[in-house]
Amino acid sequence: MLVHMPARRVGIIGCGTIGSQLAIAVDTGAVRNASLASLFDVVQNSAQALKQKLRTSPPAFSDFDDFMKTDCDIIVEAASQEAAKKFAAKVLRAGKDVMVMSVGALADKALLAEVLKEAEKSGRRLYVPTGAIAGIDAIRAVRHLLDSVTLTTTKSPKALAGAPFFETSKVKLDEVKERTTIYEGTAADAVRAFPANVNVAAVLSLAGIGVDRTMVRIIADPAFTTNQHEITAKGSFGEFRFTVNNVPSPGNPKTSYLAVLSAIECLRSVCDDGMRIGS
């Protein structure tokens, strides 16, 4: 007999592109067995604007402590690496599950250790969507046999604009007229230099050989209209290569549409976990 458990109450941190699409998915019933409990954004107008689009009109907050007083089972961070660093452990400590979209924050080993410790102590769960790439299951399956993993990300210059990398780099995006490699280094450095662009590097590192051994190459190409991620993995098992060409999200060229879809699917699987087979 299929037993329907109570709907999972979802709170969302960050009311930008991904947070809005997640909220709409829950609000419209696209995520089964879920209800939208509350919204939080440090910019009050953003939270209120999203609230107005939703039929369930959940409470919207710009104060995190007030937001945390609402009755939630799982809270989704969809704001930024800074938000993930500031709030993920607090959510777990409060006895709620957390889904982290800004996975680059977890490249900080101290933060990852803290979050995992809080999850264990509280008996709650940390969820990490696969984001805008494919092949994570394969990487995880051979992680003990891997010698090298390289992520090559290619985007148009406008999709890379605003990254902290350019504050100290000599590269001028408006002068890039042809395919140009602008960064080569570790995933650990990449997620700090391009926090809004290569969260996928952190996902790949967590599944594989870590942020210090996973290499990242970032290419700016004015001819590109997609966000491309190519993964090459080699080891004693052999070699494989995955390439994904993502359409940018309509609301934010820095975000791949696949990342939005991955977030929705991850939340759907979490909430469907509340469906149990009984006798």
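Structure notes:
- Subset of region 55-78 [open to solvent by 10 Å² or more (accessible area, probe 1.4 Å), of a type in the set (A, V, I, L, M) and outside any helix (DSSP H, G or I)]: 60, 78
- Taking each residue of region 248-261 that is at pLDDT 80 or above and looking for partners that are among the charged types (D, E, K, R) and in a strand (DSSP E or B) with beta-carbon atoms closer than 9 Å, six or more apart or interchain, yields 248/155; 248/254.
- Exclusive hit being touching a Phe, Trp or Tyr at 6+ places or on another chain (Cβ under 6 Å) and hydrophobic (A, V, I, L, M, F, W, C), set 13, 18: 13
- The listed residues are 81, 48, and the only one of them that is among the polar types (S, T, N, Q), out of contact with any Leu (no Cβ under 7 Å at 6 or more places or on another chain) and surrounded by 20 or more Cβ atoms within 10 Å (Cβ to Cβ) turns out to be 81.
- Checklist (1) under 22 Å from residue 128 (Cβ atoms); (2) part of a strand (DSSP E or B) applied to residue 261, failing item: (2)
- Sole exception among (1) of a type in the set (Asp, Glu); (2) out of contact with any Gly (no Cβ under 6 Å at 6 or more places or on another chain); (3) part of a strand (DSSP E or B) for residue 137, by number: (3)
- Tally of residues being over 19 Å from residue 107 (Cβ atoms) and exposed (fewer than 15 other Cβ atoms within 10 Å of the Cβ) across region 139-157: 4
- Test result for residue 89, under 29 Å from residue 213 (Cα atoms), aliphatic (A, V, I, L, M), open to solvent by 20 Å² or more (accessible area, probe 1.4 Å) and without any contact (Cβ under 8 Å) to a residue 60 or more places away in the chain: no
- Selected residue (only one of 147, 97 is in the same structural domain as residue 195 (by the TED database), of a type in the set (Asp, Glu), at negative phi and modelled with pLDDT of 95 or more): 147
- Residue pairs meeting the criteria (Cβ under 6 Å; at least 6 apart or on separate chains; first over 25 Å from residue 175 (Cβ atoms), in region 215-242; second open to solvent by 70 Å² or more (accessible area, probe 1.4 Å) and among the acidic types (Asp, Glu)): 234/147; 235/147
- Checked against (1) of a type in the set (A, V, I, L, M); (2) open to solvent by 40 Å² or more (accessible area, probe 1.4 Å); (3) in contact with a strand residue (DSSP E or B) (Cβ under 7 Å, 6 or more places away or on another chain); (4) over 27 Å from residue 244 (Cβ atoms), residue 110 meets all criteria but (3).
- Selection of region 18-41 for residues being open to solvent by 10 Å² or more (accessible area, probe 1.4 Å), among the hydrophobic types (A, V, I, L, M, F, W, C) and not in a helix (DSSP H, G or I) yields 30, 34, 36, 37.
The values are calculated or read from the model by the stated rules, or taken from the named source; none is laboratory data. Everything numeric in this text was worked out from a predicted model, so none of it was measured. When we count neighbours, we look across all protein chains shown, and the Cβ atoms used for this are built from the backbone with ideal geometry, even at glycine. Just the protein is used for accessible areas: all its heavy atoms, side chains included, with ligands, DNA and RNA removed. Shrake-Rupley method; radii C 1.70, N 1.55, O 1.52, S 1.80 Å.
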